[in-house]
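**Student:** First the structure, which I've put down as structure tokens, then a few questions once you've had a look.
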Amino acid sequence: AFAVSVDSEGAEDETELPVLQKSEKSTTISEIGRELKGIVFVIQSQSNSFHSKRAEDLKRDILKQAVDLGKELPTVLLIHQIDRHEGAWTILPLMRDFSVTYGRNSSWIFFCEEDTRIQVVKLLETLRRFDKSKEWFLGKALYDEESTIIHHYAFAENPTVFKFPDFAAGWALSIPLVNKLAKKLKSEPLKSDFTIDLKHEIALYIWQKGEGPHLTPVPEFCTDDVNSYKADHCATTFSNFLPLCGEPVNKEDVFVAVKTCRKFHDDRIPVVKQTWEREAALIEYYSDYADVSIPTIDLGVPNTDRGHCGKTFAILERFLNHTSPRTPWLVVVDDDTLISIFRLRKLLSCYNPDEPVFLGERYGYGLGTGGYSYITGGGGMVFSRTAVQKLLASKCRCYSMDAPDDMVLGMCFSGLGIPITHSPLFHQARPMDYPKDYLSHQIPVSFHKHWNIDPVKVYFTWLAPNTEESHNGKKVVYNREDL
């Protein structure tokens, strides 16, 4: 990979560009037409109605830009419509299809999220710098400042050396690299394993322990807001302040269930009460011991050292049978989850509770060989009442009381044909476990775990209502300590 200079290669020369357009106009138009036709845009979309609409809006915008240029329309694919693959969102299972379909007549596969905004002409100018006959892996580079559990402590001696793409900025693979990956996947199918942080895992797979290409950082792939002065040089921008689709849902529309057990009553529950409990109008604590001082409710399910499937299904039954049918949302969290109910109420304004919604941070299991996706429990699992009704009306239940509840729920919903809905604003780990630049374009809803941190300080730094974004959807930048 070579270094790219923004000043020498990324920025336009305001005096020379008009001359170039006038003197070589027909050639430039012809080249742009061919180059645009050679890009396959892949939007990492979801089937939930809110998300699919956002992805369709982005597709229309890309195609409109092409029409305005007077060009042939490029191919724009939506991941959720590629339904031959349960694990289409993990990208790698699609490589053979991409190679077969586009391997001869295309130059680039460009991936982006539903909130990525693309300046098509500037994207073409950026890709033109790279020889499309070579293997290229392009993106905005993220890296771990210290080794982290979500990346299996990879590169523990110096985690900063390994770069992986920020999907929000968009990322690209040249067709020669796509063809190479497809050939590798044909001879060595993906192992049945966990997908935890897709962007890191894809970069590892492409890197192939040093035999494949590294990520080449591209300064024009940006996560600056489209209205920022910093965005002038950007081919892509990103605007994912906390979505708000109307008034936030009422406090009484969200029922919060906290999973705990007797041994954590004294150290974890006080943190909840010092931080986010005050945001919740409807909250109950479920334990293996009824403690009136909290109070906790004993569901009659013994605590287990491993998964808590029995307890979680008992919570779902209780929500359906012992709460008001007018309460549309259930949130299930661990006793060491830090969550902003205030922000969650804003986020839920974008979802229809009449749909079977199962929302949170998406993980995958065995998706290279037909496994399933699931919402990882520590960051919080959000259910519409409709989803709970459909789940409990089915025969799907825990195969053992100590089975992992989040994975069993994923299997059940997969079997029912109900897709889980991913939001990057929920987090299974602590703020320090994520690259700072990744969190910089988020307004997070949750974090998880109290390891080696002051959880109260983390809450008030990252999640408390007084750290909320300002009016008009603009994010306020706060000085956050290294928590």
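**Student:** If you scan segment 159-189, which residues turn out to be part of a loop (DSSP other than H, G, I, E, B) and either touching a strand residue (DSSP E or B) at 6+ places or on another chain (Cβ under 9 Å) or small (Gly, Ala, Ser) (or both)?
**Tutor:** Once the filter is applied, which keeps residues that are part of a loop (DSSP other than H, G, I, E, B) and either touching a strand residue (DSSP E or B) at 6+ places or on another chain (Cβ under 9 Å) or small (Gly, Ala, Ser) (or both), segment 159-189 yields LYS163, ASP166, GLY170.
**Student:** Open to solvent by 50 Å² or more (accessible area, probe 1.4 Å) and either out of contact with any Leu (no Cβ under 7 Å at 6 or more places or on another chain) or part of a loop (DSSP other than H, G, I, E, B) (or both): is that true of THR126 in this structure?
**Tutor:** Considered against the rule, which asks whether it is open to solvent by 50 Å² or more (accessible area, probe 1.4 Å) and either out of contact with any Leu (no Cβ under 7 Å at 6 or more places or on another chain) or part of a loop (DSSP other than H, G, I, E, B) (or both), THR126 comes out as no.
**Student:** Quick check on this structure: which one of PHE98, PHE41, PHE50 is farther than 30 Å from PRO243 by Cα and buried (at least 16 other Cβ atoms within 10 Å of the Cβ)?
**Tutor:** From the options PHE98, PHE41, PHE50, the qualifying one is PHE98.
**Student:** Additional query: Pull up segment 437-479, narrow it to residues that are basic (Lys, Arg) and at pLDDT 95 or above, then point me to the one that is least open to solvent (accessible area, probe 1.4 Å).
**Tutor:** The residue in question is LYS449.
**Student:** Can you confirm whether segment 68-79 contains a residue that is open to solvent by 50 Å² or more (accessible area, probe 1.4 Å), modelled with pLDDT under 95 and in a helix (DSSP H, G or I)?
**Tutor:** yes
**Student:** Sticking with this structure for a sec: Determine whether LEU299 is closer than 30 Å to HIS265 by Cα, of a type in the set (A, V, I, L, M), buried (at least 17 other Cβ atoms within 10 Å of the Cβ) and more than 26 Å from the chain's Cα centre (by Cα).
**Tutor:** Criteria met by LEU299.
**Student:** Still on this structure, please answer the following. Kindly provide the set of residues from segment 129-147 that are modelled with pLDDT under 95 and open to solvent by less than 80 Å² (accessible area, probe 1.4 Å), ordered by number.
**Tutor:** Within segment 129-147, just SER147 meets the criteria.
**Student:** Let me ask another. Among (1) in contact with a Lys or Arg (Cβ under 6 Å, 6 or more places away or on another chain); (2) open to solvent by less than 30 Å² (accessible area, probe 1.4 Å); (3) touching a residue at least 60 places away in the same chain (Cβ under 8 Å), there is one condition PRO165 misses while meeting the rest; what is its number?
**Tutor:** (3)
**Student:** Given the condition out of contact with any helix residue (DSSP H, G or I) (no Cβ under 7 Å at 6 or more places or on another chain), at pLDDT below 95, over 30 Å from LEU439 (Cα atoms) and surrounded by fewer than 18 Cβ atoms within 10 Å (Cβ to Cβ), answer yes or no: does some residue in segment 377-391 qualify?
**Tutor:** no
**Student:** Can you confirm whether ALA172 is among the small types (Gly, Ala, Ser), within 28 Å of GLY378 (Cβ to Cβ) and touching a residue at least 24 places away in the same chain (Cβ under 8 Å)?
**Tutor:** no
**Student:** Looking only at segment 327-334, decide whether some residue is buried (at least 16 other Cβ atoms within 10 Å of the Cβ), of a type in the set (Ser, Thr, Tyr), in the same structural domain as PHE383 (by the TED database) and in contact with a Ser or Thr (Cβ under 8 Å, 6 or more places away or on another chain).
**Tutor:** The answer is no; no qualifying residue exists.
**Student:** State all residues of segment 246-260 that are modelled with pLDDT of 95 or more and surrounded by fewer than 20 Cβ atoms within 10 Å (Cβ to Cβ); if no residue qualifies, say none.
**Tutor:** Hits for segment 246-260 are GLU247, PRO248, VAL249, ASN250, LYS251, GLU252, ASP253.
The values are calculated or read from the model by the stated rules, or taken from the named source; none is laboratory data. The shown structure was predicted, so the numbers you read here are calculated from the model rather than taken from an experiment. Note: ideal-geometry Cβ built from the backbone for every residue, glycine included; neighbour counts use all protein chains shown. The protein model used for the area step is the full one, side chains on, heavy atoms only, and it has no ligands, DNA or RNA in it. Shrake-Rupley method; radii C 1.70, N 1.55, O 1.52, S 1.80 Å.
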